[in-house]
Amino acid sequence: MIQSNKLWWGVFSLLAIATFFFMYFRINQGLTFTNLNNIVGWGLWVTFYVYFLGISVGLFLFYGVCNIFNIAKFRNLALIALYSSFITLIVGLFFIFIDIGHLGRFWTVFINRNVSSVLSWELHLYVIYMVTVALLLVFENLGIEKKYSNTESIISTWCNENKEKVIKYLTYLGIPLAIAVHGGTGALFAVIKARVFWNSAIFPVIFLISALLSGIAAIIFLLGCFHNVNLKTQYIKKLSNIFIIVIVLDVFVVMTQLFVHYYSDINESIAVIHLLFYGEYAKSFWIGQIGIGIILTLILFAIYRMNTKGRFWILWLSSISCLIGIWFIRMNFITPTLSVPLIEGLSENIYGIESTNYVPSLMEWIYSLFIIISGFIVYLFGVSHIPILKNIIHQKTKKGDFDEETA
């Protein structure tokens, strides 16, 4: 344990030094090293923010449903989902933080409130949601390891006695909060009247359904990573049934969005669709969103269901393909829309920008990779140190619960 702790101290020390370097560079250079401009103000980092927030919401909803309806078979998986939801939420927060133009002003939204602003509501709900998830993690771990059992305070005693009740109430609070947070993220785009492609009532719905899909896909992915989660084949097949239903629903609402805007024949919408179908973002759309996200996912899923032994690794690959495709959906819904100038000739004559098509810079990718790797390191630390997760990892798999046909 000592050697293990020393290793973690070394890892976090290196992480702290790297974080200092990256933040120093970001503060001094601003956003000049990105390919963002006065026309395309949201790019790779906003895409990752929306993406990880969606995964967090999907994972939390899985935990919430399992907790409220006392689905014992998914209990261990639900606890992993809760912790994963918290980590992905924090990772998403870091992405939106570095995207802020002036980092030192992030706190002003909590001082200068505007009740008519969707963004203001979104940020406040985000904080409440994050605190709720953190509290659930704390209460789920109460009583697992009592290091100071001889000196328990009145507060800790009350928390242990009312643990189940508090968890239930926090879950009841967390589910509508999760829906509001990601629905609110979709509403941030939908209420922008100048962007016709976003200005649709179905846009927040697309965000919520994509969150459900990314949550189920992430659950299947985590099930393949945590081999000690006892889940029989019949329950995995139930998960796969939900997975394919949400995939079909997600494809339907996304294609509905594209069809309505294409059929409406509004210039701005047609320009966005042309960028996706034939323009600069065609590869991202056809290869990433359609090829990997839909076709490859469905092919792998079909192979899994047709295989008499139901090899789980095929379903696991399908979930990874789906998660990649969802990222492309997020990207294709954000940057192509901003790449269409609101006024023809504005970018060339006013801003001196020859092309408004956005391609992330190398430094944007480096920062993104660093945040994801940092989140992964923190995730591994929690898995090896949080009592309730350690119990899941070190538990013995019962015979018959885990075999070739299961994860």
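Structure data summary
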read-out	value
Every residue from the stretch 178-203 that is surrounded by fewer than 21 Cβ atoms within 10 Å (Cβ to Cβ) and either modelled with pLDDT of 90 or more or of a type in the set (K, R) (or both)	I179, A180, K193, R195
Qualifying residue in the stretch 179-194 (condition: charged (D, E, K, R), farther than 18 Å from T88 by Cβ and free of Cβ contacts under 8 Å to residues at least 60 places away in the same chain)	yes
Residue check, L53 under 30 Å from F189 (Cβ atoms) and within 24 Å of the chain's Cα centre (by Cα)	yes
Selection status of N241, out of contact with any Ser or Thr (no Cβ under 9 Å at 6 or more places or on another chain) and over 20 Å from L317 (Cα atoms)	no
Search result, residues across the stretch 262-277 that are of a type in the set (S, T, Y) and either in contact (Cβ under 8 Å) with a residue 40 or more places away in the chain or within 16 Å of T335 (Cβ to Cβ) (or both)	S269
Complete set of residues in the stretch 223-232 that are surrounded by fewer than 19 Cβ atoms within 10 Å (Cβ to Cβ) and either over 10 Å from I80 (Cβ atoms) or in contact (Cβ under 8 Å) with a residue 60 or more places away in the chain (or both)	G224, F226, H227, N228, K232
Enumeration of residues in the stretch 223-246 that are assigned to a helix (DSSP H, G or I), farther than 18 Å from N307 by Cβ and modelled with pLDDT under 90	C225
Odd one out for V251, checked against (1) at pLDDT below 90; (2) aliphatic (A, V, I, L, M); (3) within 22 Å of the chain's Cα centre (by Cα)	(1)
Every residue from the stretch 125-163 that is at pLDDT 65 or above and among the β-branched types (V, I, T)	V127, I128, V131, T132, V133, V138, I154, T157
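Listed here are the residues, each with its yes/no results for (1) within 22 Å of the chain's Cα centre (by Cα); (2) over 16 Å from N357 (Cβ atoms); (3) not polar (S, T, N, Q).
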{"site": "H274", "(1), (2), (3)": "no, no, yes"}
{"site": "F285", "(1), (2), (3)": "yes, no, yes"}
{"site": "I290", "(1), (2), (3)": "yes, yes, yes"}
{"site": "G293", "(1), (2), (3)": "yes, yes, yes"}
{"site": "N307", "(1), (2), (3)": "no, yes, no"}
{"site": "R311", "(1), (2), (3)": "no, yes, yes"}
{"site": "G325", "(1), (2), (3)": "yes, yes, yes"}
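The values are calculated or read from the model by the stated rules, or taken from the named source; none is laboratory data. Being a predicted model, the structure only gives us computed values, none of them experimental. For neighbour counting, all protein chains shown are included, and Cβ atoms are generated from backbone atoms with ideal geometry for every residue, glycine included.
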